[in-house]
Amino acid sequence: MRITVNVDGTSYTDEVEPRQLLVHYLRERLGKVGTVVGCDTSNCGACTVHLDGHSVKSCSVLAVQADGCEVTTIEGIARDGKLHPVQQAFHDNHALQCGFCTPGMIMQSIDLLADNPDPDEQAVREGIEGNLCRCTGYQNIVRAVRDAAHHMRPGAGPEAERVEDGSGLRAPSSIGGGE
């Protein structure tokens, strides 16, 4: 089947098998290897990406289901050589050990912050509950998400995301090739 997908701001048209999972299309066809295969059963969340601005586990979505959609991967969230505020917060708060879950955890956290721009600890824990980390015990991940919330404007997410531009003002980011 022929699909056209906008991934990280670039449009791709490809022939895919109807049964090919989005995670495999992203990794094998497009080289987006930051989206990792963890369990292939949608239990771990390591493969989380944004599909039309909302987090999905790409091991539970067929590539044909993404036809005509915008997909944002972990590779598509940094801008102009600067880490996304959630990436920076994970770095600053030591919110990783082995790093395997980190891409999916970051993508889920961005979606969480789009829905709840100022989550308390419990809200963060509930918001990331579908993403597993086998190393950290989650404390630093929760701390990182809350730290990122303080560096992002309310309603941040793929369409309305803002990052600091150095002047203390928040400038539009162009997630998925937007603005």
Taking interchain pairs and intrachain pairs at least six residues apart, which have beta carbon atoms under 6 angstrom, with the first residue in region 127-141 and under 20 Å from S58 (Cα atoms) and the second in a loop (DSSP other than H, G, I, E, B) and not polar (S, T, N, Q)? G130/G45; N131/G45; L132/C44; C133/C101
Looking at this structure, is D111 open to solvent by 10 Å² or more (accessible area, probe 1.4 Å), at pLDDT 95 or above and charged (D, E, K, R)? yes
Checked region 10-36 for anything open to solvent by 10 Å² or more (accessible area, probe 1.4 Å) and within 14 Å of the chain's Cα centre (by Cα); matches are K32, V33, G34, V36
Kindly indicate whether E129 is open to solvent by 30 Å² or more (accessible area, probe 1.4 Å) and over 21 Å from C44 (Cβ atoms). no
For C47, state whether it is open to solvent by less than 60 Å² (accessible area, probe 1.4 Å), in contact with a helix residue (DSSP H, G or I) (Cβ under 8 Å, 6 or more places away or on another chain) and under 26 Å from D115 (Cα atoms). yes
Scope region 51-102; condition open to solvent by 60 Å² or more (accessible area, probe 1.4 Å), within 29 Å of I3 (Cβ to Cβ), of a type in the set (D, E, K, R) and out of contact with any strand residue (DSSP E or B) (no Cβ under 6 Å at 6 or more places or on another chain); matching residues: E75
So, first residue free of Cβ contacts under 8 Å to residues at least 24 places away in the same chain in region 86-97, second residue surrounded by 18 or more Cβ atoms within 10 Å (Cβ to Cβ), Cβ within less than 9 Å, six or more apart or across chains; the pairs are Q87/I74; Q87/I77; Q87/T102; Q87/I106; Q87/A148; H91/A144
Which ones in region 32-81 are outside any loop (DSSP other than H, G, I, E, B), of a type in the set (K, R) and in the same structural domain as G9 (by the TED database)? K57
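The values are calculated or read from the model by the stated rules, or taken from the named source; none is laboratory data. Here the structure is a predicted model, which is why all the values come from computation and not from measurement. Methodologically, a virtual Cβ is constructed for each residue, glycine included, from the backbone with ideal geometry; neighbour enumeration extends over all protein chains shown. Keep in mind that these areas ignore ligands, DNA and RNA; they rest on the heavy atoms of the full protein, side chains included. Shrake-Rupley method; radii C 1.70, N 1.55, O 1.52, S 1.80 Å.
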